[in-house]
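K.L.:
Have a look at the structure that comes next, please.
The values are calculated or read from the model by the stated rules, or taken from the named source; none is laboratory data. Computed from a predicted structure; not experimentally measured. FYI the Cβ positions are ideal-geometry reconstructions off the backbone, even for glycines, and counts take in every protein chain you see. Only protein heavy atoms, including side chains, enter the accessible area calculation; ligands, DNA and RNA are left aside. Shrake-Rupley method; radii C 1.70, N 1.55, O 1.52, S 1.80 Å.
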Amino acid sequence: MKKIILFLAIIIVLFAGIAGITKYQQNKQKKHNPYAGAKSVSELSTATRDQLDNPLYQNIILPKQLQSDLKAGKDVTVYFFMPTCPHCKRTTPVVSPVAKDMGIDLKEFNLTEFESGWDEYKIKATPTIVYYKDGKEAARIVGEHTKQEFRQWFSKYVKK
């Protein structure tokens, strides 16, 4: 009888430990999920999950927020990207620091997670950056560019 009780106690401790570890991991994932308002970590694509801790992909804008900002007539600069896009992978490390240095709040819209953005914002290719002035599209730049080209574009359209 003592062996059975000891065996059950060990099983209970193991299950409690597994539950505790699982809860800890879920809480940790919630802290590093800029998509939390729309999707849980488990709902995200593998490529998006791989970017969760990347500092270049922390200024995510969710569809509802973008729609709200545009309806409110705000000025918004949005970088439409896909985590698997090779052009985006090369562009993000170039454009993000340029925008930051220029004091531009470059919002990032993940088209893999929110596919409706393709049609809703008339995106034909990634990467695409769109500047909305007073809630309306004012300028767009598509594809890979140099730091200088992005700097010139931001200067011309965003930082007038």
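K.L.:
When residues of the range 64-107 are filtered for being of a type in the set (A, V, I, L, M) and closer than 15 Å to Lys133 by Cα, how many remain?
P.N.:
7
K.L.:
Return yes when Thr84 is open to solvent by less than 50 Å² (accessible area, probe 1.4 Å) and either under 20 Å from Ser45 (Cβ atoms) or of a type in the set (Lys, Arg) (or both) and no when it is not.
P.N.:
When the stated conditions are applied, Thr84 does not pass them.
K.L.:
Condition test on Phe150, is it crowded, with 18+ Cβ neighbours inside 10 Å and within 19 Å of the chain's Cα centre (by Cα)?
P.N.:
Taking the combined requirement at face value, the residue does not satisfy it.
K.L.:
Could you check the range 50-90 and list, in sequence order, the residues that are of a type in the set (A, V, I, L, M) and either out of contact with any helix residue (DSSP H, G or I) (no Cβ under 9 Å at 6 or more places or on another chain) or over 20 Å from Thr126 (Cβ atoms) (or both)?
P.N.:
Ile60, Leu62, Leu70, Ala72 - these are the residues of the range 50-90 that are of a type in the set (A, V, I, L, M) and either out of contact with any helix residue (DSSP H, G or I) (no Cβ under 9 Å at 6 or more places or on another chain) or over 20 Å from Thr126 (Cβ atoms) (or both).
K.L.:
Determine, yes or no, whether Gly117 is over 16 Å from the mean Cα position of the chain (by Cα) and of a type outside the set (A, V, I, L, M, F, W, C).
P.N.:
no
K.L.:
If we scan the range 97-111, do we find a residue that is among the small types (Gly, Ala, Ser), under 25 Å from Lys159 (Cα atoms) and either open to solvent by less than 20 Å² (accessible area, probe 1.4 Å) or in contact with a Cys (Cβ under 6 Å, 6 or more places away or on another chain) (or both)?
P.N.:
Yes - at least one qualifying residue is present in the range 97-111.
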